[in-house]
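The values are calculated or read from the model by the stated rules, or taken from the named source; none is laboratory data. Computed from a prediction, not measured in an experiment: that's the story for all the values here. When we count neighbours, we look across all protein chains shown, and the Cβ atoms used for this are built from the backbone with ideal geometry, even at glycine. Keep in mind that these areas ignore ligands, DNA and RNA; they rest on the heavy atoms of the full protein, side chains included. Shrake-Rupley method; radii C 1.70, N 1.55, O 1.52, S 1.80 Å.
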Amino acid sequence: MSRIALVTLVVDDYDEAIRFYTEALGFRLVEDEARPGGARWVVVRPGAGQDGTGLLLARAKGDGQRARVGDQTGGRVGFFLHTDDFAGDHARMRAAGVTFLEEPRHEAYGSVAVFQDLYGNRWDLLQPATT
């Protein structure tokens with residue numbers, strides 16, 4: 001079986017990114033290891049288990065990478081956070097200061113609202129419709 005284990009998200013600062021993803025979005029910090037040259041290997045994951053795709057938070061190096069922080073997908077929604085409690089997670093995230101770019105919508109595929117992370121990357125908070 002193959003699966004995507006990690007997706008790299010380029011950030012300005014490790015600690016502010018860890019705070020946002022753990023405190024505002026409720027992710028878990030699963031790895032934070034020092035690397036040579038002041039770099040770190042930082043992985044956060046949503047949910048309670050160790051499985052599932054995680055985010056590798058990578059501090060930008062150089063002007064080219066710094067220019068991509070917050071715009072890694074050209075302004076499109078690039079990340080999809082599934083939930084089984086849309087209303088509860090939406091309310092908790094708003095209370096934590098997460099910026100939602102729209103009011104919740106109820107579509108045939110589920111309940112959804114677009115939000116942005118601390119750098120401006122767009123995400124869907126999505127509770128898929130039950131079949």
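A few points about this structure:
- Taking packing as the residue-averaged number of other Cβ atoms within 10 angstrom, the listed peptides 87-95, 20-28 run from highest to lowest as 20-28, 87-95.
- Taking the centroid of alpha carbons for each part, the range 18-92 and the range 102-127 are 16 Å apart.
- Once both labels are positioned 7 Å from their Cα atoms along Cα-to-Cβ, the gap between D84 and R3 label points is 1.5 nm.
- The chain - charge dipole about Cα centre, Lys and Arg +1 at Cβ, Asp and Glu -1, debye rounded to 20: 320 debye
- Solvent-accessible surface of the chain, taken per residue with a 1.4 Å probe and all protein chains present: 57 Å².
- Overall form of the chain per C-alpha gyration tensor (a/c, 1.5; a/b vs b/c): prolate
- Solvent-accessible area of the chain (1.4 angstrom probe, protein heavy atoms only): carbon and sulfur portion equals 49 percent.
- Computed label-point distance, nm, for sites A67 and A39 using a 7 Å Cα→Cβ extension: 2.1 nm
- Annotation: the antiparallel percentage among DSSP beta bridges lying fully within the chain is about 65.
- Once backbone amide H atoms are built at 1.01 Å from N, V11 has A58, R59, A60 as its partners under 5 Å, excluding neighbours fewer than 5 places away on the same chain.
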